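J.: First the structure, which I've put down as C-alpha cells, then a few questions once you've had a look.
The values are calculated or read from the model by the stated rules, or taken from the named source; none is laboratory data. Keep in mind that what you see is a predicted model, and the values were worked out from it rather than measured. Using ideal geometry, Cβ is built from the backbone for each residue, glycine included, and neighbour counts are taken over all protein chains shown. When the accessible area is computed, the model is the full protein with side chains, heavy atoms only, and any ligands, DNA or RNA have been set aside. Shrake-Rupley method; radii C 1.70, N 1.55, O 1.52, S 1.80 Å.
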Protein chains: 2
Amino acid sequence: MEEKEISQAVVARLPRYFRYLGELRDQGVERISSGELSVLMGVTASQIRQDFNNFGGFGQQGYGYNVDYLYHEIGHILGLDEEHQLVIIGAGNLGQALANYVNFEKRGFLVKGVFDVNEELVGRQLRGLEIMHIDRLESFMKEHKIDIAVLTVPKDGAIETAKRLADCGVKAILNFAHVDLNVPEGVQVENVHLSDSLMKLSYNIHRYENGHGS
Amino acid sequence: MEEKEISQAVVARLPRYFRYLGELRDQGVERISSGELSVLMGVTASQIRQDFNNFGGFGQQGYGYNVDYLYHEIGHILGLDEEHQLVIIGAGNLGQALANYVNFEKRGFLVKGVFDVNEELVGRQLRGLEIMHIDRLESFMKEHKIDIAVLTVPKDGAIETAKRLADCGVKAILNFAHVDLNVPEGVQVENVHLSDSLMKLSYNIHRYENGHGS
C-alpha cells in the first residue's frame with residue numbers, strides 16, 4: 001500500500017483504533033460502520049473516515065468496515081506484525097513494573113535485557129532475566145538486535161544514557177525520565193512525563209471549578 | 001488575572017515550560033528572552049509568545065521574561081500552589097512505583113492512601129502507608145479530601161472502579177488501565193496508555209526506515 005506522510009496526531013490515534021478493533025474482534029463483531037465506531041470511541045465519524053483515508057480508507061462499503069481486516073491492517077501499519085526487542089534501563093520500581101507488564105509482550109514488545117547501576121539490583125532475577133550492570137550495555141547491544149530502550153533512570157543520568165543508547169544503534173527510546181532527551185535524528189523518542197500529566201489534571205480541576213462556580 | 005478558555009494543546013505544554021523555568025531558576029538565571037527559551041526548548045519563539053499571550057503575556061519586555069516570576073505564574077496557573085491529595089488504586093508493581101515516585105510529592109501531589117483487592121498486599125506498608133482493601137474506599141474518601149485518583153488496576157476492573165471513584169466525588173483520574181474510562185462530566189481524566197506509546201514508536205521506527213532506505 002502506498003503511504004503518504006502522516007501527521008503525528010493521526011499516528012497517535014492509531015493505537016486507540018487498534019485497541020477498540022481488537023476488542024470488537026474478541027467479541028465476535030464482524031463489521032462496523034464509521035458511525036457505530038464513532039459512538040463507541042467518542043469521536044466523530046468524519047474524523048474516523050479522515051484518519052482512515054490517510055491509509056487508503058480500508059474499503060468501507062455501505063455496510064461498514066470488516067473488523068478483522070481493519071484490525072490487521074492497522075496492526076500492520078503500526079509495525080505490530082513484527083516483534084520488537086526491548087531493553088529496560090533502570091531496574092527500580094518503575095523499571096520492574098514495566099518488565100512485568102504483560103501487555104507489552106502481548107503486542108510483540110519483548111523485554112530482552114534489564115540494566116541498572118545499582119550493585120544491589122545487579123544479578124537479581126526479574127521475570128526470568130538477570131539484571132545486568134549498565135557497563136555491559138554496549139556489549140549486550142552488539143550481541144542482540146534491540147530496537148527500543150525504555151529509560152527509567154533518574155533525570156541526571158538520562159541524557160548521558162540516551163546518548164550511549166543512540167551510539168549503540170537503538171532505534172527508539174520510551175523515556176520516563178523527567179527531562180527532554182537530545183538524540184540524533186533517526187532515534188525516535190516518546191516521553192511519558194508522569195508529573196506533567198498530574199499538572200495537567202491539576203489545571204483542569206482548577207478550571208472546571210472556576211468555570212462552574214460553587 | 002482574567003483567563004479565557006485555553007485549548008488543551010496549550011495546557012499540555014504548560015508543564016514543560018514550568019519544568020524548564022524551574023531548571024533555569026535553579027541555575028540562577030534571572031531573565032530569559034523568548035528567543036533563548038525557544039532554542040533551549042526546541043520550539044519556535046512565536047509559539048512561546050502565543051502560548052504566553054493566552055495568560056496575558058507575562059510582561060515580556062525588551063530584555064525578556066523574569067524567570068522566577070514566570071515560573072511562579074505558570075505554577076499558579078497549573079494550580080501547583082495548592083497541595084493535591086491522591087489515592088492510588090492498585091498496589092501492584094506500577095502502583096508501588098508511583099507511590100514511591102518522589103517527583104509527585106515535590107510538586108505538591110501527596111499520596112494519602114493506597115488500595116488493592118489482593119489480600120496478600122492489604123496490610124503491607126508502602127512508603128509509610130498501609131495498603132487498604134478496596135472495600136474501604138468509600139469510607140476513606142468520606143474522611144479525606146482526595147482530589148485525584150491514580151488508577152493502576154487491570155483493564156477489567158478499571159471502568160467499575162472509576163465509577164466508584166466518581167461517586168465518591170474524586171475530581172480527576174490518572175488512568176493507567178488499558179481502557180478508556182467513562183466518567184461523568186466534571187471528572188477530569190488523563191490516560192497514560194503505555195502500550196500505545198510503544199505502538200507509536202513502532203510506527204515511527206518503521207516509517208523512518210522506509211523513508212530513508214538502507
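J.: Please give the length that would be gained between B:Leu110 and B:Ser7 if that part of the chain were fully extended, namely 0.36 nm times their separation in residues minus their C-alpha to C-alpha distance (nm, one decimal).
T.: Roughly 34.4 nm would be gained on extension.
J.: On the Cα set of the stretch A:47-177, report Rg and Dmax in Å, please.
T.: Calculated on Cα positions, Rg and Dmax stand at 18.4, 62 Å.
J.: Just the number, please: carbon plus sulfur as a percent of the accessible area of chain A, 1.4 Å probe, no ligands or DNA/RNA counted.
T.: Percent of accessible area from carbon and sulfur atoms in chain A: 46.
J.: Would you grab the residues whose amide H sits under 5 Å from the one on B:Leu181? Only those 5+ places off in sequence or on another chain, please, with H modelled 1.01 Å from N.
T.: Those lying under 5 Å, H to H, from B:Leu181: there are none.
J.: Projected area of the stretch A:146-209, taken from the Cα convex hull and averaged over every viewing direction, in nm²?
T.: Mean shadow area of the hull around the Cα atoms is 4.8 nm².
J.: What are the distances, in nm and sorted shortest first, from the label point of B:Glu105 to the label points of the same position in each other copy, with each label point placed 7 Å from Cα along the Cα-to-Cβ direction?
T.: When each copy's label point is compared with this one, the spacings are 3.3 nm.
J.: Under 13 Å from the Cα of A:Lys112, which aspartates and glutamates turn up, not counting those fewer than eight places away in the same chain?
T.: A:Glu83, A:Glu130, A:Glu143, A:Asp147
J.: List the lysines whose Cα lies under 22 Å from the Cα of B:Lys155, skipping any in the same chain that are fewer than 8 positions away.
T.: Straight-distance partners of B:Lys155: A:Lys106, B:Lys163, B:Lys171, B:Lys200.
J.: At q = 0.18, 0.22, 0.32 Å⁻¹, work out log10 I(q)/I(0) for the stretch A:74-119 with the Debye formula, treating every Cα as an identical point scatterer and leaving solvent out; two decimals please.
T.: Result of the Debye calculation: -0.57, -0.74, -1.13.
J.: Full-extension gain between B:Glu83 and B:Val39, please, as 0.36 nm times their residue separation minus the C-alpha to C-alpha distance.
T.: My answer for the length gained is 12.6 nm.
J.: Give the average over all directions of the projected area of the C-alpha convex hull of the protein assembly as shown, one decimal, in nm².
T.: If I average the Cα hull's projected area over directions, I get 23.0 nm².
J.: Take every DSSP beta bridge whose two residues both sit in the stretch B:108-214, then give the antiparallel share in percent to the nearest 5.
T.: Antiparallel bridges: around 15 percent, rounded to the nearest 5.
J.: Along the Cα-to-C-beta direction of A:Glu30, a point sits 7 Å from the Cα; which residues of the stretch A:39-76 have their amide N less than 12 Å from that point?
T.: In the stretch A:39-76, the label zone of A:Glu30 (backbone N under 12 Å from the point 7 Å along Cα→Cβ) covers A:66-68.
J.: Another question, if that's okay. So if I take the centroid of the Cα atoms in the stretch A:153-214 and the same for the stretch A:37-57, what is the distance between those two points in Å?
T.: Centre-to-centre distance over Cα atoms comes out at 28 Å.
J.: Check each of the trypsin sites (Lys or Arg not before Pro) in the stretch A:74-177 and keep only those in coil by DSSP with at most 12 other C-beta atoms within 10 angstrom; list them in order.
T.: A:Arg127, A:Lys145
J.: I would also like to ask the following. Give the B-A buried accessible area in Å², both sides summed, 1.4 Å probe, nearest 100.
T.: Accessible area lost upon association: around 6100 Å².
J.: Find the chain A residue whose Cβ sits closest to the rotation axis that carries A onto B, and give that distance in whole Å.
T.: A:Ala97, 2
J.: Nearest 5 percent is fine: what portion of the DSSP beta bridges confined to chain B is antiparallel?
T.: Taking every DSSP beta bridge with both residues in chain B, the antiparallel ones total about 20 percent.
J.: Please give the average number of partner chain Cβ atoms lying within 10 Å of the Cβ of each residue in A:146-152, rounded to a whole number.
T.: 2
J.: Right, another one. Rounded to the nearest angstrom and ordered from largest down, what semi-axes does the equivalent ellipsoid of the stretch B:54-101 get from its C-alpha gyration tensor (root of 5λ)?
T.: They are 36, 11, 8 Å, listed from largest to smallest.
J.: Still on this model: Contact order normalised by length for the stretch B:19-111, with contacts defined as Cα pairs under 8 Å and 6 or more residues apart; what percent is it?
T.: 26
J.: Rg/Rh for the stretch B:98-169 to two decimals, with Rh computed the Kirkwood way over all alpha-carbon pairs.
T.: Reported Rg/Rh, Kirkwood definition of Rh: 0.94.
J.: A follow-up question, please. To the nearest 20 debye, what is the magnitude of the charge dipole of the stretch A:1-138 about its Cα centre, counting +1 on the Cβ of each Lys and Arg and -1 on the Cβ of each Asp and Glu?
T.: 400
J.: So how much slack lies between A:Arg49 and A:Asn118, counting 0.36 nm per residue of separation and subtracting their Cα-Cα distance, in nm?
T.: Full extension of this stretch gives 19.8 nm more.
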